[in-house]
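Asker: Take this structure, written in structure tokens, and hold onto it; I'll ask about it next.
The values are calculated or read from the model by the stated rules, or taken from the named source; none is laboratory data. The model shown is predicted, which means the values in this text are computed figures rather than measured ones. Positions of Cβ are generated from backbone atoms using ideal geometry, with glycine treated the same way; all protein chains shown enter the neighbour counts.
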Amino acid sequence: MNKTALLNYALTARRDLESQIALSLNKLGIYEGAIKKANLVGEYTVIEGTEETFPKRVFALRDPIIERVKDDGFKNVVEELAYTWFNRIIALRFMEVHDYFDHGLRVLTSRDGSFEPEILRNVDFVIDDLGMNREVVDSLKAKSSNEELYRYILFSQCNSLSKRRSIPFSKMG
């Protein structure tokens, strides 16, 4: 087995993930050298110096991230988030290949080879299983915001798994 190719892929994937996480934090007004102020305006979060608005819930979600950046530094937080999400994605892929999900759908891929993950096409069947808010799902579907809907599904799947104590031995074959 050529382990060099695997090592190179892992390093590239980690760097790409770190870059995307840094961009996401920047989009939320969290930079390596500065943190932009956020305000609530009605049902939206507005970040100083940006034209884009975010859902109201983003306002509260920023606080723990900002505290971690202040305590640990921007680069350390980016690195920690990157390896946490890398591990989650690898675990999700392992679980979907071995059919460990109770809902029976693939989260990252599709059995038929299509680009869209199975769970995104079948979100209505997993809303209750994953503890999702039907109004949020319906709103995102109405806006044809598939990227944001998929992000919501992915986070909900991870949150659902974190609430489980273990995988039943009967599932492990």
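Asker: Would you confirm, using the coordinates I've provided, whether TYR100 is touching a residue at least 12 places away in the same chain (Cβ under 8 Å) and within 18 Å of SER24 (Cα to Cα)?
Answerer: The answer is no for TYR100.
Asker: Another question about this same structure. I'm trying to understand the selection: among the residues of the range 75-119, which are buried (at least 18 other Cβ atoms within 10 Å of the Cβ), of a type in the set (A, V, I, L, M) and more than 30 Å from ILE35 (Cα to Cα)?
Answerer: Hits for the range 75-119 are LEU92, MET95, LEU105, VAL107, ILE119.
Asker: Continuing with the same structure: Which of the following residues is touching a strand residue (DSSP E or B) at 6+ places or on another chain (Cβ under 9 Å) and not assigned by TED's automatic domain parsing to the domain that holds ASN122: ARG93, ARG62?
Answerer: ARG62 is the lone residue from the list that is touching a strand residue (DSSP E or B) at 6+ places or on another chain (Cβ under 9 Å) and not assigned by TED's automatic domain parsing to the domain that holds ASN122.
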